[in-house]
Amino acid sequence: MRELVVEADGGSRGNPGPAGYGAVVLDPATGEILAEAAEFIGVATNNVAEYKGLIAGLRAALDLAPDATVRVRMDSKLVVEQMSGRWKIKHPDMKPLAAEASRAFPRDRVTYEWIPRERNKHADRLANEAMDAGKRGAQWTPRDTSAARVAATLPPSGPPGDAAAGAARARAALAAAGPATPPAPNAPAPQDPPAAEAAAPAQAASAADPGSTPAAPAPERSAFAPAAPTPAASAHPVSAQGPSADAPGTAAPAPAAPAPATSAQGPSAADPGSASSPAVSAQSPVPAALATAATERSPAALERGPVPTPGPVPDMAAPATFVLLRHGETALTPEKRFSGSGGSDPELSEAGRRQAAAVADALAARGTIQHIVSSPLTRCRQTAEAVAARLGLDVVIDRGLRETDFGVWEGLTFAEVRARYPEDMDAWLASPTAAPTGGGESFASVTRRVAATRDRLAAAHAGRTVLVVSHVTPIKTLVRLALGAPPPSLFKFELSAASLSAVAYYADGNASVRLLNDTSHLRR
């Protein structure tokens, strides 16, 4: 019996927003493109577009070979798990689409496989071409792919589709036939209890615009998808933040001394783990290729971003996307007490556990997280483990993601610190190099640590989407550095418990903030 491979994808620029899907039918033996389908479907969500892409791909396969077996490959874990029968379909909009997909091709001859986004580029490109056509008021029309078909039929040495041998030649042939619209990707992120979030009420009361990097933003495909190859910064208005949980406001430190960074891009991380019960493992030593002497980068270089990958940027290179998740609430969070790495290391409260479960459900629905890295502190580990259990991934612990050590201020409110240590508090608020009373960490020190961690993780996870579970100060610092904003900007934006933010890091050293303080999953 003949076998076909269907690769499908869908996206929405806004979620919901202008949406489209793409699907391709392939010969698994040769990688030959047998059929393509794409369509602009108006305003819809990512999930609706992904399901419609699946339906179109199955119908195309039925037209080609009604008696074949079909292997569906998609980067949407939601669709793959629901159509495989492992996840219950709860959303009313998804139920009729799943039923339609079941009828599109005999269900007993269809199997489903999740693949990373970088191995689903063909369908992703078609979906973006459809969305681009819709933006022009037109519908997608296929290009002449005859040259690509010939190139793609050369003997393969890997899996079918864009990752098959000959795919690069196929893309080159398509490029020769006419300009292609590059895939437009996406990403989201979170945050953790700040170190000075409640500090300086006057500062915290004013809002600031984060600004943007020079390039115009690329159209986004879905909330957590890697971004397009050309770096772009998405400017999101930042809300004024009053005193926040676990620690008062966060002053953004400017690095006072150079920090270790990465120079060459390390090997890509392995594919996500299987659905076996997730384990928490210690981080392995950083390869020598990813370590650079501290003297090789100036404080200004740390502010600019990760070390660019030497040599030309690869064609269609995807960024390392950090989805930043601040841990859920602890007992200290509602009281807005300093809670750093030098205190009691509190566990999640009951409310915090509910928040962790909610964010786990939201990330599972997105289906784009490939790795999970967490601060070693208990509240982050518990939050990360809740997500890992839902996604079937492991948690890697990285000490560089821990919260600031607030010295003797640990467990105190901002008002209590102001009353007991007024001079130390004034100095701490005035300068990122000043440390809390009793030998805590300055914000400059935290910035150096976080920047070095950023560089190492971005190099190790190039082209992948990583969930980074951390705290207010590290997450705000990552966002601030990505925006190129000054240290006082950390007082200017909100970072709620169990919130998501996202930053994409490109091989040339540029960064793009793609989401900030998203708490929509906590309001469902």
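Can you tell me how many residues in region 337-354 are in a loop (DSSP other than H, G, I, E, B) and touching a Ser or Thr at 6+ places or on another chain (Cβ under 6 Å)?
5
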Subject >> Lone qualifier among G17, G42, G31, G53 - being modelled with pLDDT of 95 or more, open to solvent by less than 50 Å² (accessible area, probe 1.4 Å) and not β-branched (V, I, T) >> reply: G53
**OP:** Assess whether L481 counts as being over 28 Å from A357 (Cα atoms), of a type in the set (A, V, I, L, M, F, W, C) and either open to solvent by less than 10 Å² (accessible area, probe 1.4 Å) or modelled with pLDDT under 95 (or both).
**Re:** yes
Original post:
How do the pairs read when you match residues in region 319-339 that are closer than 20 Å to V408 by Cβ and free of Cβ contacts under 8 Å to residues at least 40 places away in the same chain with residues anywhere that are assigned to a loop (DSSP other than H, G, I, E, B) and open to solvent by 10 Å² or more (accessible area, probe 1.4 Å), using Cβ under 7 Å and keeping only pairs 6 or more apart or on different chains?
Top reply: A331/P346; A331/S349
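Return the residue satisfying two criteria in turn: it lies in region 360-381 and is assigned to a loop (DSSP other than H, G, I, E, B) and at pLDDT 95 or above, and of such residues it is nearest to D75 (Cα to Cα).
S375
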Original post:
From the list A384, A427, A419, A357, which residue is in a helix (DSSP H, G or I), small (G, A, S) and open to solvent by 60 Å² or more (accessible area, probe 1.4 Å)?
Top reply: A419
**OP:** Would you point out which residue out of G10, G53, G20 is of a type outside the set (A, V, I, L, M) and touching a Lys or Arg at 6+ places or on another chain (Cβ under 7 Å)?
**Re:** G10
Original post:
Got at least one residue in region 111-129 being modelled with pLDDT of 90 or more, open to solvent by 20 Å² or more (accessible area, probe 1.4 Å) and within 16 Å of L62 (Cβ to Cβ)?
Top reply: yes
Subject >> Leading residue by the ranking (nearest to the chain's Cα centre (by Cα)) among those in region 484-509 that are on the phi > 0 side of the Ramachandran plot and modelled with pLDDT of 90 or more >> reply: A498
**OP:** Mind counting the residues in region 484-510 that are among the charged types (D, E, K, R) and surrounded by fewer than 24 Cβ atoms within 10 Å (Cβ to Cβ)?
**Re:** 2
Subject >> Residues located in region 365-381, provided they are surrounded by 20 or more Cβ atoms within 10 Å (Cβ to Cβ) and under 23 Å from A452 (Cα atoms) >> reply: I369, Q370, H371, I372, V373, S374, S375, L377, R379, C380, R381
Original post:
Taking region 486-508 as the region of interest, how many residues are out of contact with any Phe, Trp or Tyr (no Cβ under 9 Å at 6 or more places or on another chain) and closer than 29 Å to A434 by Cα?
Top reply: 12
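Considering S76, S84, which residue is among the small types (G, A, S), under 22 Å from A365 (Cβ atoms) and open to solvent by 20 Å² or more (accessible area, probe 1.4 Å)? I'd like the intermediate steps shown before the answer.
On the way: S76 fails: open to solvent by 20 Å² or more (accessible area, probe 1.4 Å).
From the options S76, S84, the qualifying one is S84.
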**OP:** Considering only region 388-416, state which residues are farther than 30 Å from T465 by Cα, of a type in the set (D, E, K, R) and surrounded by 19 or more Cβ atoms within 10 Å (Cβ to Cβ).
**Re:** E410
Subject >> Number of positions in region 130-144 that are more than 16 Å from V25 (Cβ to Cβ) and open to solvent by 50 Å² or more (accessible area, probe 1.4 Å) >> reply: 7
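The values are calculated or read from the model by the stated rules, or taken from the named source; none is laboratory data. Predicted, not measured: the structure shown is a model, and the values here were computed from it. Reconstructed Cβ throughout: ideal geometry from the backbone, glycine too, with neighbour counts over all protein chains shown. Remember, those area values only see protein heavy atoms, side chains included, never the ligands or the DNA or RNA. Shrake-Rupley method; radii C 1.70, N 1.55, O 1.52, S 1.80 Å.
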